[in-house]
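One structure is given below, encoded as structure tokens.
The values are calculated or read from the model by the stated rules, or taken from the named source; none is laboratory data. What you see is a predicted model; the values in this text were computed from it and never measured. Don't worry about glycine lacking a Cβ; one is built from the backbone with ideal geometry, like all the others, and counts go over all protein chains shown.
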Amino acid sequence: MGYIELEVLEDQPKRVVIGIDLGTTNSLPAIWKDGRPEILEVEGEPALIPSVVHVSDDGTAVVGRTARARSMDDPAHTVHSIKRFMGRSLGELDEAVLRRLPYQVTQTERGLVQVEVGGKRFTPQEISALILREVAAQASVAMGGAEVLSAVITVPAYFDDAQRQATRDAARLAGLEVLRIVNEPTAASLAYGLDQKEEGTVAVYDLGGGTFDVSILSIEGGVFEVLSTNGDTSLGGDDLDALLVDLLRSELEGSVEGSVFDDPAFRQAARLSAEKAKVALSRDPEADLVISLPELGVNARRTVTREEFERLAAPLVERSIRCCERALKDAELEPKDVDEVVLVGGSTRVPLVRAEVERFFGRAPHTELNPDQVVALGAAAQAEVLMGGSRDILLMDVTPLSLGLETMGGAAEKLIQRNNRIPCSVKEGFTTYADNQSAIDFHVLQGERELAADCRSLGRFKLTGIPPMPAGLPRVGVKFHLDADGILTVSAKEESTGASASIEVKPSHGLTEDEVSDMLEASFKNARKDFEERRRVDLIAEIGIMLRHATANLTVAEERLDRESVEDLHEAIAAAKEARLCTELELVQAARDTLDRATMPLAAVLMDSVVKEAVSGKKLGDL
Amino acid sequence: MDATCPSCGAGLETPLACGACGVLMLTEDGACPFALLGLEPGFPVDAKDLKTRLRRFTRLVHPDFFALEGEQALAKAERNNALLNEAFAVLSDETRRADRLVARLGGPSEKDLGSMPQAFLMEVMEWNETLEEASPGSAEMLRLSSELTEHRDRISTEIAAALTPLPQPGAASLAGVRQSLNARRYVDRALGRISASAGPA
């Protein structure tokens with residue numbers, strides 16, 4: 001381990017926390033560097049990972065670009081937009097969305113959603129974990145090998161407890177510790193450095209791939225406060241694409257069999273063609289929708305003008321503006337009170353969207369930063385806060401939805417109101433209805449409706465271990481705590497005897513603690529592949545550190561080394577740089593070992609001079 | 001506040017954490033919301049000052065600043081920040097603030113007072129009749145709305161006057177404040193029904 005000794009010359013690298021925008025369509029890592037957030041790059045390109053997972057019939061999963069490339073030929077094995085499924089049950093998913101999917105979506109007995117690809121079933125958490133693993137691996141490569149163990153992950157401000165919890169579980173399955181879940185709009189305004197503002201109100205309009213969010217924030221002296229949030233979890237760029245897909249379908253209507261429209265290959269090709277046309281229409285007054293699938297007898301070209309597209313898109317954009325109205329109303333503000341408007345999401349490049357946002361708020365929105373990158377940049381800024389780098393930024397968040405309990409008649413009693421500041425705690429007292437009753441069940445809900453059945457079920461909790469007492473005598477205090485990430489925890493105590501009651505949690509849409517452990521265990525057991533992949537990523541990380549040290553030290557000590565060693569080292573460095581992009585474990589291992597050997601003479605020369613310096617320093621001190 | 005930090009000895013502005021050395025303190029549940037925000041109990045509250053305090057103290061206790069300091073510190077931060085947020089919510093709401101002060105001074109609780117005076121209940125029945133019969137946005141409804149708003153303002157002024165300066169603990173005037181608070185609840189309920197009937201937000 002020739003390079004280890006070299007570390008005496010440098011400070012130990014500090015723990016790395018990266019920011020991750022875990023998006024519906026793409027995911028992106030960023031990091032804080034030299035006083036500002038920076039998108040991580042591999043080979044000079046943003047380390048953008050398409051949030052796409054391809055699973056072959058042998059169970060091998062690939063993620064990102066490779067997966068997206070395969071989706072065209074093999075849509076039935078490719079999972080897109082899994083974020084829409086996070087923390088939801090089958091019945092809650094938009095049927096139109098399900099119809100467009102080229103694979104099966106099922107649910108477990110307990111109602112957990114699973115997607116079926118490659119003959120295997122995956123929960124959305126597991127699919128997201130695969131994406132996060134890839135994001136972390138790419139981030140590691142981008143940082144020259146630093147190991148990524150902790151992250152700040154962003155979610156739509158509108159995400160409820162179950163969706164946030166699912167995100168956290170996905171990260172755990174990916175071997176990442178989530179230090180903070182940050183709302184995407186908040187991250188976006190951090191990226192714009194709006195924390196530098198003396199005082200102001202910011203509206204963040206986020207039209208992502210699958211979800212729309214609007215948040216009204218107040219910023220004062222570096223303090224961010226979410227005044228209100230609103231949104232639509234089934235409105236996004238995908239829906240704009242769907243409009244164009246419908247155009248293609250009506251163009252083909254009559255000329256092909258109706259069953260063609262249900263063919264996975266057709267759906268996928270149509271979607272990609274629509275996406276391309278949408279992007280082109282942001283630039284040009286007209287664009288062509290092209291689809292050619294000879295094996296299905298499909299061949300069509302349809303010209304769409306921007307005007308036509310805008311006419312179709314207008315109702316969707318209008319829906320987003322209605323959300324803006326509601327968010328302002330909740331914040332008790334008028335459009336003119338908003339000082340800054342920030343745009344997030346690729347679909348905000350659509351001219352109609354920009355025009356409507358500008359018309360509604362009466363001011364031009366910010367467009368300086370890439371709308372696809374602002375969220376990741378903001379997450380990196382927050383990561384810096386968590387690493388103890390700065391207390392200048394303070395995010396004071398609110399809960400987007402009220403939290404309540406189901407009462408006897410099936411009504412929902414609210415314990416924590418929507419837009420309440422988080423973290424927050426509420427304590428409720430419970431008692432028994434029968435003598436010697438030892439357990440109480442309750443049902444936790446999230447939502448604004450009056451009836452429990454109309455709210456979203458977060459989970460059922462069973463309070464056990466109540467000491468035997470006559471009915472009505474026990475006083476069980478149950479504490480509901482919504483943490484800074486908006487995730488609920490429940491704890492209980494029997495107050496008259498001090499006996500601690502225990503809470504059994506059955507999340508309605510999420511994984512139980514046991515399920516997460518099982519999945520973690522399974523992922524360790526199953527996968528020699530996983531292990532090898534992990535080993536490869538670790539090696540690449542190690543090579544990165546070695547390279548950093550070797551290059552730095554070589555410039556300092558090159559003239560003190562013999563020529564042969566210098567040549568060996570240059571060669572080994574070049575080989576190691578290449579090996580970082582290699583997918584074969586053995587080759588990566590070999591490159592590391594060669595580099596290790598090649599750095600030994602350099603290490604010896606440097607150790608020598610360190611010792612000399614140390615010794616001479618001592619002599620100096622002795623004098 | 002005359003308390004000092006057990007860790008560094010600096011004076012404390014809030015019992016939640018020390019502004020000088022940053023150490024988090026253990027505060028019991030149900031601590032006085034005024035104390036948590038570093039204020040003397042009193043009815044008048046400067047909304048701007050309250051917010052400044054909330055922000056200043058949140059900087060001391062927010063979990064984000066304890067992310068790498070272990071589970072225990074993080075749990076303490078979560079808890080103290082929740083207490084701070086709750087105290088702020090109580091103090092920034094006129095009704096909850098008055099309610100706390102009446103309780104603190106040993107005044108009657110909402111239930112202690114029993115039913116409202118007959119004349120008042122008659123008035124409430126009239127409001128309800130209008131609410132049942134008049135259509136949203138009609139002149140009648142608007143008249144009721146402005147009448148109720150006026151009524152509410154009048155009650156608020158009464159409450160503020162009765163609590164400024166704070167009466168002695170156990171003072172007879174506290175029962176009057178409680179009655180006003182109860183009356184305002186009826187008014188608020190009626191106003192809520194009007195805005196609900198005006199259509200969903």
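Given the criteria under 30 Å from B:Leu54 (Cα atoms) and out of contact with any strand residue (DSSP E or B) (no Cβ under 7 Å at 6 or more places or on another chain), does A:Gln268 qualify?
When the stated conditions are applied, A:Gln268 does not pass them.
Across region A:37-51, which residue is farthest from the chain's Cα centre (by Cα) among those that are surrounded by fewer than 21 Cβ atoms within 10 Å (Cβ to Cβ) and closer than 16 Å to A:Glu134 by Cβ?
A:Glu43
Determine which member of the set A:Val385, A:Val344, A:Val398, A:Val353 is without any contact (Cβ under 8 Å) to a residue 40 or more places away in the chain and among the hydrophobic types (A, V, I, L, M, F, W, C).
A:Val385
Restricting to region A:368-396, count the residues that are touching a Gly at 6+ places or on another chain (Cβ under 7 Å), within 11 Å of chain B (Cβ to nearest Cβ) and not in a helix (DSSP H, G or I).
3
If we keep just the residues of region A:423-457 that are in contact (Cβ under 8 Å) with a residue 40 or more places away in the chain and part of a loop (DSSP other than H, G, I, E, B), which is farthest from A:Ala492 (Cα to Cα)?
A:Glu448
Residue check: is B:Pro15 closer than 22 Å to A:Asp483 by Cβ and surrounded by fewer than 21 Cβ atoms within 10 Å (Cβ to Cβ)?
Numbers: closer than 22 Å to A:Asp483 by Cβ: yes; surrounded by fewer than 21 Cβ atoms within 10 Å (Cβ to Cβ): yes.
Considered against the rule, which asks whether it is closer than 22 Å to A:Asp483 by Cβ and surrounded by fewer than 21 Cβ atoms within 10 Å (Cβ to Cβ), B:Pro15 comes out as yes.
Mind checking which pairs have a first residue in region A:163-175 that is of a type in the set (Asp, Glu) and a second that is buried (at least 23 other Cβ atoms within 10 Å of the Cβ) and assigned to a helix (DSSP H, G or I), Cβ under 7 Å, 6 or more apart or different chains?
A:Asp169/A:Gln125
Take A:Glu340 and tell me if it is within 13 Å of another protein chain (Cβ to nearest Cβ), within 30 Å of A:Ile31 (Cβ to Cβ), in contact with a Pro (Cβ under 9 Å, 6 or more places away or on another chain) and of a type in the set (Asp, Glu).
no
Only one residue in A:Arg319, A:Arg311, A:Arg354, A:Arg363 is outside any loop (DSSP other than H, G, I, E, B), more than 14 Å from every other protein chain (Cβ to nearest Cβ) and more than 28 Å from the chain's Cα centre (by Cα), so which one is that? Explain how you work it out, then say what you get.
Working: A:Arg319 fails: more than 28 Å from the chain's Cα centre (by Cα); A:Arg354 fails: more than 28 Å from the chain's Cα centre (by Cα); A:Arg363 fails: outside any loop (DSSP other than H, G, I, E, B).
It is A:Arg311.
Residue-wise test of (1) outside any loop (DSSP other than H, G, I, E, B); (2) not acidic (Asp, Glu).
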{"position": "A:Arg68", "(1), (2)": "yes, yes"}
{"position": "A:Asp73", "(1), (2)": "no, no"}
{"position": "A:Ala76", "(1), (2)": "yes, yes"}
{"position": "A:Lys83", "(1), (2)": "yes, yes"}
{"position": "A:Gly91", "(1), (2)": "yes, yes"}
{"position": "A:Val97", "(1), (2)": "yes, yes"}
{"position": "A:Pro102", "(1), (2)": "no, yes"}
{"position": "A:Thr106", "(1), (2)": "yes, yes"}
{"position": "A:Gly111", "(1), (2)": "no, yes"}
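Name the single residue, out of those in region A:408-422 being away from chain B (no Cβ under 14 Å) and in contact (Cβ under 8 Å) with a residue 24 or more places away in the chain, that is farthest from A:Pro185 (Cα to Cα).
A:Gly410
Go through region A:458-493 and give me each residue that's surrounded by 20 or more Cβ atoms within 10 Å (Cβ to Cβ) and part of a strand (DSSP E or B).
Hits for region A:458-493 are A:Leu458, A:Gly459, A:Phe461, A:Leu463, A:Val476, A:Val478, A:Phe480, A:His481, A:Leu482, A:Leu488, A:Ala492.
Just give me the residues in region A:30-59 being aliphatic (A, V, I, L, M) and touching a Gly at 6+ places or on another chain (Cβ under 9 Å), in sequence order.
A:Ala30, A:Ile31, A:Leu48, A:Ile49, A:Val52, A:Val53, A:Val55
Out of region A:219-258, which residues are of a type in the set (Gly, Ala, Ser) and in contact (Cβ under 8 Å) with a residue 60 or more places away in the chain?
Across region A:219-258, the qualifying residues are A:Gly222, A:Ser228, A:Gly231, A:Ser234, A:Gly236, A:Gly237, A:Ala242.
What do you reckon, is A:Arg302 in contact with a helix residue (DSSP H, G or I) (Cβ under 8 Å, 6 or more places away or on another chain), free of Cβ contacts under 8 Å to residues at least 24 places away in the same chain, away from every other protein chain (no Cβ under 14 Å) and crowded, with 16+ Cβ neighbours inside 10 Å?
no
Being charged (D, E, K, R) and buried (at least 24 other Cβ atoms within 10 Å of the Cβ) is the filter here; which residues of region A:134-151 pass it?
Result: A:Glu134, single match.
Against the definition (at positive phi and away from every other protein chain (no Cβ under 14 Å)), how does A:Gly254 come out, yes or no?
Yes.
Looking at region A:401-414, can you tell me whether even one residue there is among the hydrophobic types (A, V, I, L, M, F, W, C), within 30 Å of A:Phe461 (Cα to Cα), modelled with pLDDT of 90 or more and crowded, with 23+ Cβ neighbours inside 10 Å?
Looking for residues that are among the hydrophobic types (A, V, I, L, M, F, W, C), within 30 Å of A:Phe461 (Cα to Cα), modelled with pLDDT of 90 or more and crowded, with 23+ Cβ neighbours inside 10 Å, one finds none in region A:401-414, hence no.
Of all helices (runs of 4 or more DSSP H) completely enclosed by region B:58-172, which ones contain at least 3 residues that are more than 14 Å from chain A (Cβ to nearest Cβ) and within 25 Å of B:Gly38 (Cα to Cα)?
In region B:58-172, the matching helices (runs of 4 or more DSSP H) lie at B:94-104, B:139-163.
Between a residue in region A:466-488 that is closer than 17 Å to B:Asp29 by Cα and any residue that is of a type in the set (Phe, Trp, Tyr), which pairs come within a Cβ distance under 7 Å, given they are 6 or more apart or on different chains?
Here the result reads A:Val476/A:Phe430; A:Val478/A:Phe430, each pair linking region A:466-488 to a residue that is of a type in the set (Phe, Trp, Tyr).
Mind listing whichever residues of region A:528-587 are within 39 Å of the chain's Cα centre (by Cα) and either of a type in the set (Lys, Arg) or not in a helix (DSSP H, G or I) (or both)?
Selection gives A:Arg528, A:Lys529, A:Arg534, A:Arg535, A:Arg536, A:Arg548, A:Lys577, A:Arg580, A:Leu581, A:Cys582, A:Thr583, A:Glu584.
Residues are listed down the side, and each one gets a yes or a no for (1) in a strand (DSSP E or B); (2) farther than 28 Å from A:Met546 by Cα:
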| position | (1), (2) |
| --- | --- |
| A:Val148 | no, no |
| A:Val152 | yes, no |
| A:Arg164 | no, yes |
| A:Arg168 | no, yes |
| A:Arg172 | no, yes |
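A:Ala265 - would you say it is at pLDDT below 95, assigned to a helix (DSSP H, G or I) and closer than 23 Å to A:Asn419 by Cβ?
no
So, of the residues in region A:198-234 that are surrounded by 18 or more Cβ atoms within 10 Å (Cβ to Cβ) and assigned to a loop (DSSP other than H, G, I, E, B), which turns out to be farthest from the other protein chains (Cβ to nearest Cβ)?
Among those residues, the one meeting the criterion is A:Gly209.
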